[in-house]
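The values are calculated or read from the model by the stated rules, or taken from the named source; none is laboratory data. All values derive from a computational prediction rather than experimental measurement. All Cβ positions, glycine included, derive from the backbone under ideal geometry; neighbour counts span all protein chains shown.
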Amino acid sequence: MTQAARTLSPFDFRPDFTPAPPAEAGEVRLSAEEVVALIARVRSDALAETSRQEAQETLDRLDRVTATMRDVLSDLLKLMQIMDSAAYDTGTSAQLRSTVTGLAQRLLDGQGDLFGLTRDLSEKLDNAPTAGRRMGQ
């Protein structure tokens, strides 16, 4: 919570205008409405923080998957370079190139979906009710 703690001093209206007995040191008095509001606020803050943490964990997992996909694409590129330098007949070379190109396209399409999902989750975190920022920023 970002609000500062403050001492509450209720005013007891008395028809004879005598002062209320002093509260004991360290004692805080809250009305039922104030307790309900405090509980609601704590609950809301806890839910927002839990949602932020879950979204952050998902983003971290997506970042790891994206890094793995990048590594696979890099390995496919190396494989294509090796295949280009090897001596195959034209039929085998075309079939290998087609297979590797198809795999690379599937990875790129999946990576695009991951980037979109990552962007959506990042926006969700940026617009979260708490002031929490994405880790690493």
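Check whether at least one residue in the range 85-106 is hydrophobic (A, V, I, L, M, F, W, C) and either closer than 30 Å to Arg52 by Cβ or in contact with a Lys or Arg (Cβ under 8 Å, 6 or more places away or on another chain) (or both), and report yes or no. Walk me through how you get there before you give the answer.
So the first thing to find is which residues in the range 85-106 are hydrophobic (A, V, I, L, M, F, W, C), and the list is 86-87, 94, 96, 100, 103-104.
Imposing the further condition that a residue be either closer than 30 Å to Arg52 by Cβ or in contact with a Lys or Arg (Cβ under 8 Å, 6 or more places away or on another chain) (or both) reduces the set to none.
No, the range 85-106 contains no residue that is hydrophobic (A, V, I, L, M, F, W, C) and either closer than 30 Å to Arg52 by Cβ or in contact with a Lys or Arg (Cβ under 8 Å, 6 or more places away or on another chain) (or both).
How about the range 80-112: which of its residues are surrounded by 10 or more Cβ atoms within 10 Å (Cβ to Cβ), assigned to a helix (DSSP H, G or I) and more than 40 Å from the chain's Cα centre (by Cα)?
Across the range 80-112, the qualifying residues are Met83, Asp84, Thr92, Ser93, Ala94, Gln95, Leu96.
Against the definition (within 14 Å of the chain's Cα centre (by Cα), among the hydroxyl-bearing types (Ser, Thr, Tyr) and at pLDDT below 70), how does Thr118 come out, yes or no?
no
Please pick out the residue among Ala46, Ala25, Ala55, Ala20 that is hydrophobic (A, V, I, L, M, F, W, C), in a loop (DSSP other than H, G, I, E, B) and either loosely packed, with under 11 Cβ neighbours inside 10 Å or modelled with pLDDT of 80 or more (or both). Explain how you work it out, then say what you get.
Working: Ala46 fails: in a loop (DSSP other than H, G, I, E, B); Ala55 fails: in a loop (DSSP other than H, G, I, E, B); Ala20 fails: either loosely packed, with under 11 Cβ neighbours inside 10 Å or modelled with pLDDT of 80 or more (or both).
Result: Ala25 is the single residue among Ala46, Ala25, Ala55, Ala20 that is hydrophobic (A, V, I, L, M, F, W, C), in a loop (DSSP other than H, G, I, E, B) and either loosely packed, with under 11 Cβ neighbours inside 10 Å or modelled with pLDDT of 80 or more (or both).
Please find, within the range 44-59, the residue that is farthest from Glu123 (Cα to Cα) out of those that are in contact (Cβ under 8 Å) with a residue 24 or more places away in the chain and of a type in the set (Asp, Glu). If you could, list the steps in order and put the result at the bottom.
As a first pass, look at the range 44-59 and keep what is in contact (Cβ under 8 Å) with a residue 24 or more places away in the chain: 44-45, 48-49, 51-52, 55-56, 58-59.
Filter once more, keeping what is of a type in the set (Asp, Glu): 45, 49.
On the way: Asp45: 19, Glu49: 15 Å.
The qualifying residue farthest from Glu123 (Cα to Cα) is Asp45.
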